[in-house]
1. Would you list, by chain and number, the lysines whose Cα falls below 29 Å from the Cα of residue A:209, excluding same-chain residues fewer than 8 positions away?
2. If you place +1 on the Cβ of every Lys and Arg, -1 on the Cβ of every Asp and Glu, and leave all else neutral, what size is the dipole of chain A about its Cα centre, to the nearest 20 Debye?
3. Counting only other chains, what is the mean number of Cβ atoms within 10 angstrom of the Cβ of each residue in peptide A:59-70?
4. How would B:179, A:140, A:153 line up from fewest to most surrounding beta-carbon atoms within 10 angstrom?
5. From the Cα gyration tensor of the range A:36-91, with a ≥ b ≥ c the square roots of its eigenvalues, which class applies: rounded if a/c is under 1.5, or else prolate if a/b is larger than b/c, or else oblate?
6. From other protein chains only, count the Cβ atoms within 10 Å of every residue's Cβ in B:140-153, then give the mean.
7. Under a crude label model (7 Å from the Cα following the beta-carbon direction), how far is residue B:122 from residue B:75 in nanometres?
8. Taking the label point as lying 7 angstrom from Cα along the Cα-to-Cβ axis, what are the distances from residue A:55 to the corresponding position in the remaining copies, in ascending order and in nanometres?
Number of protein chains: 2
Amino acid sequence: MPVVSSSDRPCSSASRVTGETDVHAAKWIKLVRLDYVDPTGAARTWDAVRRTTTTKEAEADAVCVFATLRGGDAKEDEVLLVRQFRPACGTETIELPAGLIDDGEKAETSALRELHEECGYVGRVTNVTPAVVLSPGLSDESVVLVTVDVDLDAAENANPSQRLEGSEFITVIRCPKKDLLRTLDEFSAQGIKVFAGLYTLAWALENAKNLQ
Amino acid sequence: MPVVSSSDRPCSSASRVTGETDVHAAKWIKLVRLDYVDPTGAARTWDAVRRTTTTKEAEADAVCVFATLRGGDAKEDEVLLVRQFRPACGTETIELPAGLIDDGEKAETSALRELHEECGYVGRVTNVTPAVVLSPGLSDESVVLVTVDVDLDAAENANPSQRLEGSEFITVIRCPKKDLLRTLDEFSAQGIKVFAGLYTLAWALENAKNLQ
């Protein structure tokens with residue numbers, strides 16, 4: 001079990017947010033000003049970002065799908081990646097298939113829906129993680145990682161066809177799992193930005209032997 | 001090598017941002033409105049967030065440090081984690097030691113500095129990743145993962161002491177590497193939010209055997 005190092009500073013568990021004020025709202029995101037108290041009781045402020053689509057009931061804002069393709073024309077296990085232009089980054093990115101969780105939707109349902117819409121495949125959920133936060137200094141934006149198996153021998157996966165919205169232009173990439181980190185490094189070297197949660201996953205898969 | 005699935009949609013590599021307008025700036029972050037063209041040539045807009053501290057020269061906004069402790073009183077390899085209250089999340093979080101890269105600073109230098117300030121340890125860099133993006137739909141915020149070895153037998157690590165700013169209250173956690181995912185799941189179950197890039201790393205380390 002973990003050991004907590006001793007420190008002469010108070011533990012942050014006594015901190016809490018005491019107020020949130022909208023500073024400026026755009027259609028999808030807004031800037032807020034938070035008032036909070038630190039563990040000594042001192043009042044402080046913090047700038048943060050909120051998605052305007054976040055609902056209190058949802059377990060997370062979004063899902064990411066770690067989908068493994070097996071059978072069919074896949075000679076070995078493959079991972080599904082998506083390549084698309086991301087205006088916020090000013091470049092194309094390589095990400096896991098992902099999307100916002102609809103109002104009232106379960107993460108599993110959202111993951112299978114997004115996988116089908118973005119990549120055309122039908123899959124089966126094998127694992128769901130807790131909600132984890134993407135950029136904790138900036139926002140409370142959270143995501144659930146859903147692991148999915150895709151059977152390429154299933155009739156429904158014989159002719160995968162994307163169902164994209166008019167503004168979406170997504171290229172589906174099937175990457176052999178053993179080549180994942182090298183492939184992400186090659187895209188990075190071309191100036192195509194890789195999603196952090198995907199990169200650290202690939203890095204750990206590749207380095208697991210040395211790291212354990 | 002990866003296979004690209006055929007699609008009837010144009011590839012997004014023809015997209016580009018044509019304009020960026022500040023919508024509202026707070027001290028540390030700002031809302032911007034982006035104009036871009038999609039691969040068909042149609043003009044579109046996107047709401048995004050920028051850190052006001054981002055400089056064009058820096059390789060990334062921030063570093064995350066994956067530090068392994070060996071020797072000393074560590075019976076087995078341990079990973080350094082930090083626990084702190086994050087106003088933007090409204091809760092405490094579990095993250096890797098991390099921080100913004102100072103103007104003109106190299107990622108390696110930043111990583112060793114942050115590790116020393118936040119946790120009190122002196123380490124040696126063993127790997128540096130490309131810059132990867134934390135939340136590509138929302139912002140261009142990027143981070144470099146720096147891997148560091150910490151020798152607990154070194155004299156400089158005999159009495160680790162944090163150098164925190166007045167507003168920082170960070171608890172250092174030494175977690176046996178083999179218990180990492182279970183520990184993160186236990187914190188999650190308590191409502192303490194885990195950083196996505198750390199969670200997927202731990203998940204892949206734990207599942208590497210099944211996944212390869």
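Readers should treat all values here as calculations from the given coordinates under stated rules, not as data from a laboratory. Quick caveat, the model's predicted, so the values are computed rather than measured. For neighbour counting, all protein chains shown are included, and Cβ atoms are generated from backbone atoms with ideal geometry for every residue, glycine included.
1. Cα-Cα hits under 29 Å: A:75, A:177, A:178, A:193, B:75, B:106, B:177, B:178, B:193, B:209.
2. Details: 23 positive and 34 negative charges, 107 e Å.
That gives a dipole near 520 debye.
3. If you average over the peptide's residues, the count of other-chain Cβ atoms is 1.
4. Taking fewest neighbouring Cβ atoms as first place, the list is A:153, B:179, A:140.
5. Prolate shape, in that a/c is at least 1.5 and a/b is the bigger ratio.
6. On the way: counts 8, 8, 4, 4, 1, 4, 0, 3, 0, 0, 0, 0, 0, 0.
Across B:140-153, the average partner-chain Cβ count within 10 Å equals 2.
7. 2.9
8. 4.5
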